[in-house]
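The values are calculated or read from the model by the stated rules, or taken from the named source; none is laboratory data. This one's a predicted model, so the numbers in the text were calculated from it and none came from an experiment. Reconstructed Cβ throughout: ideal geometry from the backbone, glycine too, with neighbour counts over all protein chains shown. The accessibility values were calculated without ligands, DNA or RNA, using every heavy atom of the protein model including side chains. Shrake-Rupley method; radii C 1.70, N 1.55, O 1.52, S 1.80 Å.
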Amino acid sequence: MKPDSAAAAPADDVLLVHGGTPLQGEIRLRGAKNLVPKAMVAALLGQEPSRLRNIPDISDVDIVSRLLQLHGVAIVPGDEPGELILDPASVEQATIADVDAHAGSSRIPILLCGPLLHRLGHAFIPDLGGCRIGDRPIDFHLDVLRQFGAEVEKRPQGLHLAAPQRLRGTKVELPFPSVGATEQVLLTAVLAEGVTELRNAAIEPEIVDLIAVLQKMGAIITVHTDRVIRITGVDRLGGYRHRAMSDRLEAASWACAALATGGDVYVRGAEQKDMMTFLNVYRTVGGAFEVEDGEGIRFWHPGGQLCAMPLETDVHPGFQTDWQQPLVVALTQATGLSILHETVYENRLGFTEALAAMGATIQLYRECLGGTPCRFGQRNFLHSAVISGPTKLQAAELFIPDLRGGFSYLIAALSAQGMSTVHGIDLINRGYENFLGKLSDLGARVEHRR
Ligand code: EPZ
């Protein structure tokens, strides 16, 4: 089925994929897509320049770079590849037209609210973009900003915010451990007056890495047990020097590709400590992995059958929702019935329709098929799936719906018989650096149609 996004895709971002070849070789990870743009936004809060390393060459980074430059942040390359120096000395308000040009580009602009309110006393934020895997509301963000004392006004073209006086620390409890809303609190509380207490916080590794960045700038942030984070506001923050954590989501994507194609892939830069739950699931399904501390992780299909399993996505330290789409393709090759319950996003299983058209046996359900009932049970969302395998996948014409679903289509095409045509692959550049080069390095038979 051709989603509306495909209609807008340029004609040249089509990839012909000849399936049936196991992926074999080595790829290198860079910094995490879900940390690096946030660390770049954090530089806005400092009185001195910041230096960030291990930055991936992905479009999400380009978007946030342009947005920061619009607001007067000087950004220049550092000494080594993947390094940027960000100087916030002359932060200024950008024009609405310029900022609006970034509307729909990503979810990152919402995180500029706190820093711009601290620096300028006002901010304009365009409508957000990001993968269509659910409604993606920002109500938690707006509630939190108002609790800090910000005036927030939603207008047709975006958000207008003002801080008549210095923002004040507050007590916040999130209805759900939202990553973005937790980042909103962190980026606002560090310069607010007094103490902020955040309950039901997200504690993903990318959040902890952002806290490390803020601590380097002079912030005082304590992560307590049971998801409580306390921030003591300070009057001034300096710059930071930080090497971003590697992208555990990309690592898992290539691990699933190795499993689904019967291959053997070394992911340089992968860190066991950030992937513990994924590694448990990988081993349970029948995948093999070997950790080289400080170097990377080797992922391979050891031969024999893969085993179906029950799986429920959850916030950290549960099974990360961004890991499920690539894994589902491997589950189509597993013997038996796998049961997937997606509890973070209400609409992240739409990508399975195309897999079914390729020959997978996947049935979606509105019920919570898993250990615990979630927010989406009985609300008419198809957020559970039963996958019966193994099934032979046949090549097909595929239209990429979102970032991780798109990568799962590449995996499906690589493990299918025949040649698939994958449209809209440019979207994959949002979160996977040089994925075409990596596919070639791993022996994939692909042709990028210009
Ligand atoms: C971040 O999105 C990541 N994106 C997502 O990765 C990731 O899946 C998600 O966190 C969960 O781990 C980036 O970091 C850029 P949330 P975010 O706020 O912050 C609801 C990928 O593929 N919610 O934790 O937008 C929301 O609807 C992407 O790399 C509200 O209801 O996610 C969802 O159901 C996809 N109101 C749940 O919380 C709000 O104001 C989790 O969302 C905010 C969120």
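Results, tabulated for the structure shown:
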{"item": "Sites residue 57 and residue 347, calculated FRET efficiency, Cβ-Cβ separation with R0 22 Å, nearest 0.05", "result": "0.15"}
{"item": "Cβ-placed point charges (K, R +1; D, E -1), dipole of the stretch 370-450 about Cα centre in debye, nearest 20", "result": "180"}
{"item": "Counted charge near residue 264, where neighbours are those whose Cβ lies closer than 15 Å (Asp, Glu -1; Lys, Arg +1)", "result": "-1"}
{"item": "Highest-fluctuation residue, 223, 61, 285 considered, GNM on the chain with Cα pairs under 10 Å", "result": "223"}
{"item": "In degrees, nearest ten, helix 205-217 long axis to first principal axis of the chain (Cα)", "result": "30"}
{"item": "Degrees separating the helix 248-261 axis from the principal Cα axis of the chain, which is the longest one", "result": "10"}
{"item": "Sum of side-chain charges, residue 199 neighbourhood, beta-carbon under 13 Å (Lys, Arg +1; Asp, Glu -1)", "result": "0"}
{"item": "Virtual paramagnetic centre 7 Å along Cα→Cβ of residue 241, amide N under 15 Å, in the stretch 81-98", "result": "83-86"}
{"item": "Cα point-scatterer Debye curve for the stretch 36-243, base-10 log of I(q)/I(0) at q = 0.08, 0.09, 0.18 Å⁻¹", "result": "-0.23, -0.30, -1.37"}
{"item": "Zero-based 20 Å bins, Cα pair distances in the chain, whole percents", "result": "25, 57, 18, 0"}
{"item": "Carbon plus sulfur fraction of accessible area for the stretch 36-243, probe 1.4 Å, in percent", "result": "49"}
{"item": "Whole-number accessible area per residue in Å² for the stretch 36-243, which is evaluated in the context of all protein chains at 1.4 Å", "result": "39"}
{"item": "Helix 276-285 vs. the chain, principal-axis angle (Cα, 0 to 90°, nearest 10)", "result": "10"}
{"item": "Environment charge at residue 422 (Cβ cut-off 12 Å; Lys +1, Arg +1, Asp -1, Glu -1)", "result": "-3"}
{"item": "Shape call, the stretch 182-233: gyration tensor on alpha carbons, a/c limit 1.5", "result": "oblate"}
{"item": "Residue-by-residue Karplus 3J(HN,Hα) for the stretch 181-191, coefficients 6.51, -1.76, 1.60, Hz, glycine and proline x", "result": "5, 5, 5, 4, 5, 4, 6, 9, 5, 4, 10"}
{"item": "Inter-label distance, nm, simple model (7 Å from Cα along the C-beta direction), residue 154/residue 447", "result": "4.8"}
